[in-house]
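Participant: A single structure is presented below for examination.
The values are calculated or read from the model by the stated rules, or taken from the named source; none is laboratory data. Because the structure is predicted, anything quoted here is derived from the model rather than measured. Here the Cβ is made from the backbone with ideal geometry for all residues, glycine too, and neighbour counts use every protein chain on show. Surface areas here come from the heavy atoms of the whole protein model, side chains and all, with no ligands, DNA or RNA. Shrake-Rupley method; radii C 1.70, N 1.55, O 1.52, S 1.80 Å.
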Amino acid sequence: MNNLLTLTGILAPLFFGFFIRLPKACLPALDKLLGITVYLLLALIGLSLARVPDLGRQLGFVAHSAALLAVCIIGANLLAVMWFDRRRPMPDRQPNRHTGGRVGSTGSLKQLLCVALGLGAGKLLPDTLLPPESAATYALMLLILLVGIQLGGSGITLRQVLINRRGVQTALLITASSLAGGLLFAAVSGIPPAQGLALASGFGWYSLSGIMMSNAYGALWGSIALLNDLARELAALILIPPLMRRHPSAAVGIGGATSLDFTLPVIRSSGGLSVVPLAISCGFLLNLIPPLLMAVFPTFSR
């Protein structure tokens, strides 16, 4: 029953939000509210991490596990999608050599800073001044609702997503190879396979994976999932430009769910307008899949 309630609590706000249509004038305010919610969630992850006993001795384990998980997943992604690009090259296209606005790593640094601030608050403040642990769950549901509204308000229909065959294929390859990477990580780390699959199911959606994995496996594993998905974001910023010329699907897919938003400007500036539909289709699907997988896999590792 608890597993069914978790799944409903995650999927219902997403699909409910998808069918809410806001006026275009409200979308900038929605984006700001979404950003605030993400930072709030990251701070709450830091608070939950502060409650871990003997945290200092565990930080090396967190860093090592997150790095190993990222290597397993990103390596599997690149092998799978670069192979796909070689087998089925995209039609000739004219790359966009204008680099546009620069997208750096400051966003990721701000996200880590929010976690650090939450951790500091959890260590310094008395328990009476801290929010209850259930606050993270409610904030997550709000985040998913806002993401659903954002997806619905983007003007993208499911038909437009699904008719982009290469986008669907890329999303499925990223999903399958990420899960393969999660199984490899589980085998190396000695954790249950289902836990490795759950940890690998974020696809770059760090605010979702951090809270859901904390709820499923504890704050340490939630932090590992968060750092793994932030590593994907940073790897995407570095790898998209050199990959785009010969492996455009790999360049798009490496960003996972972020190819719909955070890494889209880099994708556009590196690959031109012709690759944007691929990125939107792939990113849209990789935003829909993680909540389902991260709600289902933990049920098999308990």
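Participant: Got a number for the accessible area of Thr175? Probe 1.4 Å, square angstrom, nearest 10.
Facilitator: 20
Participant: Sticking with this one: Please give the calculated 222 nm ellipticity per residue for the chain, where each DSSP H segment of at least 4 residues contributes -39500 (n - 2.57) and the sum is spread over every residue; nearest 500 deg cm²/dmol?
Facilitator: Working: 13 runs with 224 residues, N = 302.
It lands at -25000 deg cm²/dmol.
Participant: With every protein chain in place, what's the accessible area of Tyr138 (1.4 Å probe, Å², nearest 10)?
Facilitator: Taking all protein chains as shown, Tyr138 has close to 150 Å².
Participant: Here's a follow-up. Assign one of three labels to the range 152-281, namely rounded, prolate or oblate, based on the Cα gyration tensor with a ≥ b ≥ c the square roots of its eigenvalues; rounded applies when a/c is under 1.5, prolate when it is not and a/b is larger than b/c, and oblate otherwise.
Facilitator: Numbers: a/c = 1.95, a/b = 1.77, b/c = 1.10.
The shape class here is prolate.
Participant: Output the Kirkwood hydrodynamic radius of the range 188-236, Cα pairs only, in Å rounded to one decimal.
Facilitator: Values: mean 1/r = 0.0952 Å⁻¹.
That comes to 10.5 Å for the range 188-236.
Participant: With a cap of 14 neighbouring Cβ atoms within 10 Å, and only residues DSSP puts in a loop, list the trypsin sites (Lys or Arg not before Pro) found in the range 194-263. Walk me through the numbers on the way to the answer.
Facilitator: On the way: sites: Arg232, Arg245, Arg246; in loops: Arg245, Arg246.
Passing both the DSSP loop test and the Cβ count: Arg245, Arg246.
Participant: Probe radius 1.4 Å, ligands and nucleic acids left out: which of His247, His64 has the largest accessible area, and how do the rest follow?
Facilitator: His64, His247
Participant: Which residue fluctuates the most in the chain, going by a Gaussian network model with Cα springs under 10 Å, if the choices are Asn287, Asn215, Asn77?
Facilitator: Top of the fluctuation ranking is Asn215.
Participant: In addition: Quick one: order Glu133, Glu233 from most to least accessible surface, probe 1.4 Å. Present the calculation step by step, with values, prior to reporting the outcome.
Facilitator: Values: Glu133 135, Glu233 5 Å².
Highest to lowest solvent-accessible surface, that is Glu133, Glu233.
Participant: Under 10 Å, Cα contacts only: if you run a Gaussian network model on the chain, which one of Pro291, Pro248, Pro131 comes out with the highest mean-square fluctuation?
Facilitator: Largest GNM mean-square fluctuation: Pro131.
Participant: On to the next question. How large is ³J(HN,Hα) for each residue in the range 34-44, as worked out from phi by the Karplus curve 6.51 cos²θ - 1.76 cosθ + 1.60 (θ = phi - 60°), to whole Hz, x for Gly and Pro?
Facilitator: 5, x, 4, 5, 4, 5, 4, 4, 5, 5, 5
Participant: Which lysines, on any chain, are close to Lys24 with Cα under 17 Å apart, when same-chain ones fewer than 8 places away are left out?
Facilitator: Lys32
Participant: Further, regarding this structure: Are there chymotrypsin sites (Phe, Trp or Tyr not before Pro) in the range 8-83 that DSSP puts in a loop and that have at most 10 other Cβ atoms within 10 Å, and which ones?
Facilitator: Values: sites: Phe15, Phe16, Phe18, Phe19, Tyr39, Phe61, Trp83; in loops: Phe19.
For chymotrypsin sites (Phe, Trp or Tyr not before Pro) across the range 8-83 that sit outside H, G, I, E and B with at most 10 neighbouring Cβ atoms in 10 Å, the list reads Phe19.
Participant: From largest accessible area down, sort Met213, Met90; use a 1.4 Å probe on the protein chains.
Facilitator: Numbers: Met213 0, Met90 45 Å².
My answer, sorted largest first, is Met90, Met213.
Participant: Against the longest principal axis of the chain, how steep is helix 106-124, in degrees 0 to 90 to the nearest 10, with axes from Cα atoms?
Facilitator: So the inclination is approximately 10 degrees.
Participant: What is the spin-label model distance, in nm, from Thr128 to Ala67 if the labels are put 7 Å beyond Cα along the C-beta direction?
Facilitator: 4.3
Participant: Accessible area of Ile238, 1.4 Å probe, to the nearest 10 Å²?
Facilitator: Ile238 exposes around 120 Å² with every protein chain in place.
Participant: Continuing with the same structure: At 0.36 nm per residue, minus the direct Cα-Cα distance, what do Ala135 and Lys110 gain on full extension? Give it in nm, one decimal, please.
Facilitator: Working: separation 25, 0.36 × 25 = 9.00 nm, distance 2.13 nm.
The span from Ala135 to Lys110 would gain 6.9 nm if fully extended.
Participant: Follow-up. If you project the alpha carbons of the chain onto the principal axes, what extent comes out on each, in Å, largest first?
Facilitator: Sorted from largest, the Cα extents of the chain read 60, 48, 39 Å.
Participant: How far is it, in nm, from the label point at Ala121 to the one at Arg88 when both lie 7 Å from their Cα along the line to the Cβ?
Facilitator: The two pseudo-label positions are separated by 4.7 nm.
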